[in-house]
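Below is one structure, written out as structure tokens; the observations come after it.
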Amino acid sequence: FAGQQDTFLNVIGEADLLDAIRRCWVSLFTDRAILYRARSHFSHRQVQLSVVVQKMIMSEVSGILFTADPVTGHRHTLTIDASFGLGEALVGGLVSPDAYRVDKRTRKILDRQIADKQIAIYPETDGGTRQVAFGESRRSQTVLPDEQILALAELGARVEAHYGVPQDIEWAIAGGQVYVLQARPITSLY
């Protein structure tokens with residue numbers, strides 16, 4: 001149920017962690033989650049949930065990488081959506097990301113669309129997150145230089161080869177290091 005349950009970022013301390021886990025479980029019963037299961041014909045009595053707890057990556061940029069184009073279904077084109085800060089603004093639909101397309105066979109950048117990125121979400125040092133509005137110059141700045149686009153393309157190809165099917169990968173970059181936050185099969189390809 002990708003995107004159906006709540007996510008809590010930059011949780012610090014045992015009490016806050018336990019509260020976040022409880023709220024993750026509770027999100028299994030939001031109107032949105034119940035409606036999704038009903039429309040998809042999943043039994044409410046059979047559904048199960050595991051809560052994943054992972055180290056917080058204090059990302060400068062983050063995004064989503066599809067190892068096949070989810071719009072056209074083209075298996076040799078991978079797409080990268082990227083925004084500044086944490087991926088929460090992107091996956092939550094708060095920001096339009098930069099979009100890059102790369103040919104997996106030749107590792108050539110085919111296309112880049114630089115979006116008007118008005119905000120970003122960043123982690124707070126004492127826990128939680130904050131939303132930052134950008135000025136005019138930052139809003140139109142490209143998120144990824146070519147070398148990072150190509151490094152992500154290479155990483156995506158390796159993840160796809162490992163799993164044997166096209167992947168939907170959430171990633172982050174912090175301190176020049178690329179992190180895979182999550183990978184799952186693309187479910188919308190025809």
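3J(HN,Hα) couplings calculated from phi for region 141-146 with the Karplus curve 6.51 cos²θ - 1.76 cosθ + 1.60 (θ = phi - 60°) are, in sequence order, 6, 5, 7, 10, x, 3 Hz; Gly and Pro show x.
Diagonalising the gyration tensor over the Cα atoms of region 1-158 and scaling each eigenvalue by 5 before taking the square root yields semi-axes of 30, 22, 14 Å, largest first. Equivalent-ellipsoid semi-axes for region 96-145 (Cα gyration tensor, √(5λ), whole Å, largest first): 28, 15, 7.
Counting only DSSP H runs of at least 4 residues, each contributing -39500 (n - 2.57), and dividing by the residue count of the chain, the helix-based mean residue ellipticity at 222 nm comes to -7500 deg cm²/dmol. Over region 85-190, accessible surface divided per residue gives 55 Å², non-protein components excluded, 1.4 Å probe. Both numbers refer to the Cα atoms of region 23-96; Rg and Dmax are 16.2, 41 Å.
A straight chain from L9 to R138 at 0.36 nm per residue would run longer than the Cα-Cα distance by 44.0 nm.
Per-atom-type breakdown for region 33-186 gives carbon and sulfur 50% of the accessible area (1.4 Å probe, protein chains only). Note: region 105-190, Cα convex hull, 158 Å³ per residue. The eigenvalues of the Cα gyration tensor, multiplied by 5 and square-rooted, give region 64-108 an equivalent ellipsoid with semi-axes of 22, 11, 7 Å from largest to smallest. Measuring max minus min along each principal axis, the C-alpha atoms of region 121-166 give extents of 40, 28, 16 Å (largest first). Here the Karplus relation 6.51 cos²θ - 1.76 cosθ + 1.60, evaluated at θ = phi - 60°, turns the backbone of region 91-104 into coupling constants of 5, x, x, 7, 9, 8, x, 5, 10, 10, 10, 10, 6, 5 Hz, with x for every Gly and Pro.
The values are calculated or read from the model by the stated rules, or taken from the named source; none is laboratory data. If you're wondering where the values come from, they're calculated on a predicted model, not measured in any experiment. We work out accessible area using only protein heavy atoms, side chains counted, and drop any ligands, DNA or RNA first. Shrake-Rupley method; radii C 1.70, N 1.55, O 1.52, S 1.80 Å.
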